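The values are calculated or read from the model by the stated rules, or taken from the named source; none is laboratory data. Keep in mind that what you see is a predicted model, and the values were worked out from it rather than measured. Cβ placement follows ideal geometry from the backbone for every residue including glycine, while neighbour counts extend to all protein chains displayed. Areas reflect the complete protein model, heavy atoms only, side chains present, ligands, DNA and RNA absent. Shrake-Rupley method; radii C 1.70, N 1.55, O 1.52, S 1.80 Å.
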Amino acid sequence: MSDTNTFPNWENLVKKQLKTEDIYTILEKENLEGIEVKPFYTEVQKPLANLPKVEESTHLVARYHESLEDEVFAFLLDHNVENLEQKTIFVNNKDLAGHISPKEEDQYFSLIDVFNEKEGTIDDQLTKELLSKDFRRSICVDISLHQNAGAAIYQQLGIALAKTKELIEAYGTDILNKLIFRIAIGGNYFFEMAKLRAFKMVFNQLSKEYGLDDIPYIFAETSLRNKAVSDNENNLIRSTLELASAMIGGADAVFTNNYLVDRTTDNSEEISFKQQIVLAYESIINVFEDAANGSYYVEDITRQIAEKSWALLVEIEEAGGYLELIKQGIIQKKICEHAIAEQQWIEEGKIKLIGVNLYPKLEVKKSIAELYNEKEIKAVRWAEMFE
């Protein structure tokens, strides 16, 4: 059936099902990102090239636990562990990074952010120490905090680019292939796929401004923002979907934050890792380079997110750069404004959080003013309002 026949047929079918001629008012879905979403796609304006990743297949990363040592190939390390050979290690502790001297066959990555978000500075001594290490990727640009603080998707990516530009200006273009981007993945399934794909596009564009053709190394982790203290099973389902978004979006490594919000157990650590194992070995979605390529919907929102992210980078640069705007409190204020708009949607039920504002509906216990501070980038979970 040709596209010209498909669209009218679809419209007539939906009109019949919804019992109204005015189907678009019902089907329109608002979002806080300012992204235009259509209910039906017959084409994509400009098909995107395949968006590559750095790793051939996505690293499945577990927080180190001795019981997992035999079956896990990649660990997130908060403290020193002796004799971890033939493993990929993501170092998550500044002091630990200082003591590690990788051997040639070791694969070490630093997840240590060199930016001080409170003061608007880069820790120069720490940066130089990390660059002197023989890590695969030694400098982490962490925007997971921004997602968990309530930043919009285009804000997260614009900020990642602006932080990258600050590093290039301070340490030269050689730093580009030393970077690893730590990104938190939220619950908006297709938007989060598009987020990672859009970031690949805009990072590559930024590298081309310096005569290079680089792609970003993406370490994706599950978000804390949509998790609830008393809703462990729903947290587990949410984080599984977030992992799927990350793998389909083309992350180089994925990590599952514990689905128990306020505590951890050996069992919850094991289950958190096994979420990745099931997706990778039963759905086999970690091996594809760009699994969402060719989807009209995902392609369209990828392009829109990329354009909005690049526009924000330009805006930040014209206003003096990321560090300057942090010092002025402008970045914090912009994130806070979006976070508050999101929280209002939670309060009104426009964003649905099962077991919090839907099935059952809990009572509001904390006001938005109590949760947010426009002078600070801090993680806030939506459910805190009801807890």
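The lysines whose alpha-carbon is closer than 28 Å to the alpha-carbon of LYS103, local same-chain residues fewer than 8 away aside, are LYS53, LYS87, LYS94, LYS128, LYS133, LYS178. Taking a span of 20 Å or more along the helix axis (Cα atoms) and a mean Kyte-Doolittle hydropathy of at least -1.0 as the rule, the DSSP H helices of the chain that qualify are 153-171, 189-209, 232-249, 296-318, 330-348. Here the simple spin-label model places points 7 Å from the Cα toward Cβ, and for SER101 and LYS87 these points are separated by 2.1 nm.
The alpha carbon centroids of the stretch 16-83 and the stretch 300-336 are separated by 22 Å.
Would you mind classifying the chain by shape? Square roots of the alpha carbon gyration tensor eigenvalues, ordered a ≥ b ≥ c; an a/c under 1.5 is rounded, otherwise it is prolate if a/b is larger than b/c and oblate if not.
Numbers: a/c = 1.41, a/b = 1.35, b/c = 1.05.
Verdict is rounded for the chain.
Of GLN147, GLN125, GLN155, the residue with the greatest mean-square motion in the GNM of the chain, using alpha carbon springs below 10 Å, is GLN125.
Springs between Cα atoms under 10 Å define the GNM used for the chain, and in it the highest mean-square fluctuation of GLU85, GLU55, GLU66 occurs at GLU66. Accessible area per residue for the stretch 59-283, computed on protein heavy atoms with a 1.4 Å probe, is 39 Å². Compute a Gaussian network model of the chain, connecting alpha carbons closer than 10 Å, and tell me which residue from GLY249, GLY187, GLY294 fluctuates the most. Highest fluctuation of the listed residues: GLY294. The residues neighbouring LEU353, those whose beta-carbon lies less than 13 Å from its own, together hold a net charge of +1 under the Lys/Arg +1, Asp/Glu -1 convention.
Taken along the Cα-to-beta-carbon direction at a fixed 7 Å, the label points for GLU43 and SER367 span 5.3 nm.
Each label point was placed 7 Å from the Cα along the Cα-to-Cβ direction; for ILE354 and TYR24 their separation is 3.3 nm. Each other residue within a Cβ distance under 12 Å of ILE143 adds +1 if Lys or Arg and -1 if Asp or Glu, for a net charge of -1. The lysine pair tally for the stretch 247-370, using Cα distances under 21 Å and a gap of 8 or more places or different chains, is 9.
Suppose the chain between GLU129 and ILE277 were pulled fully straight at 0.36 nm per residue; how much longer would it get relative to their current alpha carbon spacing? All intermediate terms of the calculation are to be shown ahead of the outcome.
On the way: separation 148, 0.36 × 148 = 53.28 nm, distance 3.46 nm.
Result: 49.8 nm gained on full extension.
For the chain, give me the percentage of DSSP beta bridges that are antiparallel, rounded to the nearest 5 percent.
Details: 3 of 32 bridges.
Antiparallel: roughly 10 percent of the beta bridges in the chain.
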